[in-house]
Structures are given as C-alpha cells and as structure tokens.
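For reference, the structure is listed below as structure tokens.
The values are calculated or read from the model by the stated rules, or taken from the named source; none is laboratory data. Everything quoted here is computed from the prediction, not taken from an experiment. Don't worry about glycine lacking a Cβ; one is built from the backbone with ideal geometry, like all the others, and counts go over all protein chains shown. With ligands, DNA and RNA removed, areas are computed over all heavy atoms of the protein, side chains included. Shrake-Rupley method; radii C 1.70, N 1.55, O 1.52, S 1.80 Å.
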Amino acid sequence: MTKQELLASLKQRVFSHQIIDAFSRVAREDFVGPDKQKVAYEDRALPLVAGATISQPSTIAFMLSLLELGSGQKILEIGSGCGYVLAL
C-alpha cells in the first residue's frame, strides 16, 4: 500500500481533514526500521524493537479523532514509543 492509498482509505472512513492532513505530512517510514519501510503505509501494526509495535494507522486516526482537539491546544504524551503518534 502506498501513502496515497492509505490516505484514501482514511478519507473513506470519514476522518477529519485535520487528521488526514497530519497523516499526509508525517512520514511513517521515518519511524520504522529499514526492513519495514516498504510496508510502512500498510494499515497494520508493525514491529519495532524489544517486542514493541507501531500501531496501525486507522487505529491511530481513531484515537486522534476521540481527542477532539481545538486550535491552540497542547498535548503531553507520556510513553510515546517511537514518536509517530506524537508527530501526528
């Protein structure tokens, strides 16, 4: 799956423009190992190190939508793992 295909999939699930925009600006392949970069945009969790994973994009989009963030709000994320959700 390409980044554009992932974005189209998230749009079909009716996530907000702000969430889709965040996914378009943040490169998921920068948060996975070199051996996983070719599959970085598949909508599935991917292994990191020491048994950790990077969550699947649709799950992350759902979590972000539940935050109902407003302009100017700031978020403190504790235990951000690889930092992908934090970057979004």
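Go through the stretch 1-19 and give me each residue that's among the small types (Gly, Ala, Ser), touching a helix residue (DSSP H, G or I) at 6+ places or on another chain (Cβ under 8 Å) and surrounded by fewer than 16 Cβ atoms within 10 Å (Cβ to Cβ).
Hit for the stretch 1-19 is 16, nothing else.
Is at least one residue of the stretch 20-30 over 13 Å from residue 85 (Cα atoms) and open to solvent by 60 Å² or more (accessible area, probe 1.4 Å)?
Checked against the condition, which is being over 13 Å from residue 85 (Cα atoms) and open to solvent by 60 Å² or more (accessible area, probe 1.4 Å), the stretch 20-30 yields no hits at all.
Report yes if some residue within the stretch 69-85 is surrounded by 12 or more Cβ atoms within 10 Å (Cβ to Cβ) and basic (Lys, Arg); otherwise report no.
No.
Could we say that residue 88 is touching a residue at least 60 places away in the same chain (Cβ under 8 Å) and within 20 Å of residue 7 (Cβ to Cβ) here?
yes
What's the number of the condition residue 43 fails, among (1) at pLDDT below 90; (2) surrounded by 10 or more Cβ atoms within 10 Å (Cβ to Cβ); (3) among the charged types (D, E, K, R)?
Unmet condition: (1).
Between a first residue in the stretch 59-83 that is within 18 Å of residue 45 (Cβ to Cβ) and a second residue that is open to solvent by 70 Å² or more (accessible area, probe 1.4 Å) and at pLDDT 95 or above, which pairs have beta carbons less than 6 Å apart while being 6 or more apart in sequence or on different chains?
From residues that are within 18 Å of residue 45 (Cβ to Cβ), there are no pairs.
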